[in-house]
Amino acid sequence: MERRTLGASALEVGAIGLGCMPMSWAYTSSQQRGEQSVRTVHAALDAGVTLLDTADMYGPFTNELLIGRVLRERRRDAFVSTKVGLLVGDGHVVANGRPGYVRRACDASLRRLQTDVIDLYQLHRADPEVPVEETWGAMAELVGAGKVRALGVCAMGARAVGARGAGARGSRRERERGRPGDLYDGTIRQLDRLQQVFPVGAVQAELSVWSAQALERLLPWCEARGVGFLAGMPLGSGFLSGTLKPGQGFEPDDIRARHPRFTAEMMAANQPLVAGLRRIAARHGAGWTPAQVALAWVLGRGRNVVAVPGAKRVEWAVENAAAARLGLSPRDVWEIEGLPAARGSWD
């Protein structure tokens, strides 16, 4: 698989990564099976994936334990990314950026992952009660101690604290017209502060055909500074794969069950997006899928972009990895960016 470089540390990863969260957190729990997940991680590594993206809060803790089972056998094949800064309580999640906690959390993650170094340690969320420079400074100390190789920032939750009502899909026409404010204004200000303490190696944020706001300012910020960009949710929580059907319903513990864009009405209204991706896939020949077209579009947004689709089944991980071989033509890109803007709130 093609390799891409993350940040000034020049760490190389496969262009397609594996988001491990669905194996243990947020999505349908009845389909979360440990042995199946272990096979999925192995299959992804066999297909050329190197970046495994997890977090201590997924489970909590069980996702890192799962990944640790694979790393025990294949540490040299994997680039390990995990996160710190969020604690899971009884029905709630809280931020903790205290330096002492960061140090203890890192040691705990190393034990669960069965490794002596974390390749990329990401700040999951900033703690509003702790100056972010203090949290970042503690994380930088971990690099100096040899426990971590590079630091990153996860901006996946920016929408929850950003300007509500900002368009979620961000088609080319919408970007040309411009919008008031920017979803990632606060993130960029935070990144500027962190850069004064220790270099940011990578930023993880949502980027997909139906949620492209990161293209406005966040991705250009990363490109200008040589910072890697991890594109989270590149398949729109599964919708862009074309495997979800309007009205199919979700289990109560699945985050999509409470998501405005996953109501039966909105899923039906957004089918033209999937139809467009399917049409382009068919033009490339038998076997290509809408999901692979969506991933190829993400990879085409910049040489510093790595797509990190989630998967919990072997066939999906292998299919996603193969998308790195799909080259989109200028016509394909033009058609994708001309698709109707996704309907429904993303908040």
Taking the range 196-237 as the search range and keeping residues that are charged (D, E, K, R) and either part of a strand (DSSP E or B) or touching a strand residue (DSSP E or B) at 6+ places or on another chain (Cβ under 9 Å) (or both), which one is surrounded by the fewest Cβ atoms within 10 Å (Cβ to Cβ)? GLU223
Mind listing just one residue for me: the one in the range 76-128 that is on the phi > 0 side of the Ramachandran plot and at pLDDT 95 or above and, of those, surrounded by the fewest Cβ atoms within 10 Å (Cβ to Cβ)? GLN114
Among the residues that make up the range 51-68, is at least one of them open to solvent by 50 Å² or more (accessible area, probe 1.4 Å), modelled with pLDDT of 95 or more, out of contact with any Phe, Trp or Tyr (no Cβ under 6 Å at 6 or more places or on another chain) and charged (D, E, K, R)? no
Listed by first then second residue, the pairs whose first member lies in the range 271-287 and is more than 15 Å from TRP334 (Cα to Cα), whose partner is among the aromatic types (Phe, Trp, Tyr) and in a helix (DSSP H, G or I), with beta carbons under 8 Å and at least 6 positions apart or on separate chains, are VAL274/PHE239
Do we have ALA155 as among the aliphatic types (A, V, I, L, M), at pLDDT below 95, open to solvent by less than 20 Å² (accessible area, probe 1.4 Å) and under 15 Å from VAL200 (Cα atoms) here? yes
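The values are calculated or read from the model by the stated rules, or taken from the named source; none is laboratory data. What you see is a predicted model; the values in this text were computed from it and never measured. Positions of Cβ are backbone-derived with ideal geometry, glycine not excepted, and every protein chain shown enters the neighbour counts. For the accessible areas, the whole protein counts, side chains as well, though only heavy atoms, and no ligand, DNA or RNA atoms are used. Shrake-Rupley method; radii C 1.70, N 1.55, O 1.52, S 1.80 Å.
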